[in-house]
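Taking it in order: structure first as structure tokens, then the write-up.
What follows is calculated from the coordinates using simple rules that are stated; it is not laboratory data. No experiment lies behind these values; they were computed from the predicted model shown. Note: ideal-geometry Cβ built from the backbone for every residue, glycine included; neighbour counts use all protein chains shown.
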């Protein structure tokens with residue numbers, strides 16, 4: 001969230017300055033830290049009794065000192081908000097970048113500055129700790145306890161929408177329907193067309209999808225991809241970015257089986273990309289959403 005004015009910053013608080021550090025006098029009338037904007041990481045996990053998030057208890061000398069907010073800071077010249085948020089959280093909160101999976105992001109845009117909240121899931125052990133003078137404490141905090149803590153005002157304002165974004169988007173792609181949705185000669189090489197779709201899905205997973213395109217809050221979502229193949233497309237292998245499930249029989253039945261498995265985890269927001277009316281009715285009955293094949297077609 002927006003940083004503190006320089007008069008309140010102790011001289012040793014930021015020994016190693018980097019490109020992007022500096023103050024922006026914004027057209028909104030405020031002054032914000034980060035010449036390229038700023039970003040913070042909202043890391044979440046299932047704590048057993050409910051969701052928990054990593055929060056920073058801000059040093060008393062800082063702007064809104066004593067409040068709780070997200071670890072973060074200025075974005076450097078050479079990085080975007082996603083990379084900047086993760087880097088700052090590693091530096092400020094002692095987190096392990098290898099155990100962080102970015103799921104979504106939300107931006108607050110001013111005339112001359114922006115702040116991006118990057119929402120990520122802990123997919124490996126994370127032991128947050130104080131690693132610079134800007135924090136009194138850094139800790140996992142149960143989501144249910146946030147109402148009893150004094151929050152950084154900007155974080156508190158954003159929290160209602162951020163709560164709705166603590167989930168993972170899983171796209172289950174009906175390969176036969178998506179490949180067959182456009183008459184581009186796919187029938188002459190169905191395996192090749194499915195391989196091209198798989199590789200395109202990998203690029204989408206990395207670049208993300210607009211929140212408006214997947215009917216979710218926020219600016220961007222980075223989905224998990226599951227591609228269901230059948231018939232002549234069997235044998236197309238998965239990749240690090242795209243899991244592939246080969247249907248032993250009906251592709252529709254395989255999609256339904258995967259959806260049934262996935263919706264059992266309440267952290268999953270499952271969406272099926274298919275225009276098959278019968279299939280969409282079956283997966284909606286299980287609690288999944290449906291999106292048209294155009295969303296993922298290359």
What is the distance in Å between the Cα centroid of region 254-284 and that of region 69-106?
32 Å
Which value, in Å to one decimal place, does the Kirkwood hydrodynamic radius take for the chain when every pair of different Cα atoms is included?
20.8 Å
Tell me the angle of helix 190-207 to the major Cα principal axis of the chain, expressed in degrees between 0 and 90 and rounded to the nearest ten.
10 degrees
One would report the Cα pair-distance distribution of region 168-295, bin width 5 Å, in %, as 2, 11, 22, 25, 22, 12, 4, 1, 0
Rounded to the nearest 0.05, what FRET efficiency is calculated for residue 239 and residue 286 with R0 set to 25 Å and r the Cβ-Cβ distance?
0.40
Evaluate the relative contact order of region 49-89 (contact order divided by residue number), counting alpha-carbon pairs under 8 angstrom at least 6 apart; express in whole percent.
28 percent
Efficiency by 1/(1 + (r/R0)^6): what FRET value for residue 196 and residue 108, r their Cβ-Cβ distance, R0 = 25 Å, to the nearest 0.05?
0.10
Between helix 251-262 and the chain, what is the angle of the helix's C-alpha long axis to the longest principal axis, kept within 0 to 90° and rounded to the nearest 10?
30 degrees
In what order do 70, 51 fall by count of nearby beta-carbon atoms within 10 Å, going from fewest to most?
51, 70
With a 10 Å radius around each residue's Cβ, average the other Cβ atoms per peptide and rank 208-216, 170-178, highest first.
170-178, 208-216
Please rank 198, 294, fewest neighbouring Cβ atoms within 10 Å first, as an exposure proxy.
294, 198
Full extension from residue 46 to residue 277: what is 0.36 nm times the residue separation minus their Cα-Cα distance, to one decimal in nm?
79.7 nm
Overall form of region 228-268 per C-alpha gyration tensor (a/c, 1.5; a/b vs b/c)
oblate
Evaluate E = 1/(1 + (r/R0)^6) for residue 23 and residue 264, where r is the Cβ-Cβ distance and R0 equals 51 Å; express this FRET efficiency to the nearest 0.05.
0.55
Please report the relative contact order for the chain, taking Cα pairs under 8 Å with a sequence separation of at least 6, and give it as a percent rounded to a whole number.
16 percent
Return the percentage of antiparallel bridges among DSSP beta bridges fully within region 6-163, rounded to the nearest 5 %.
75 percent
How much length, in nm to one decimal, is gained on full extension between residue 207 and residue 145, taken as 0.36 nm per residue of separation minus their Cα-Cα distance?
19.0 nm
For the chain, what is the mean residue ellipticity at 222 nm derived from helices alone (per DSSP H run of n ≥ 4: -39500 (n - 2.57); sum divided by total residues; nearest 500 deg cm²/dmol)?
-7000 deg cm²/dmol
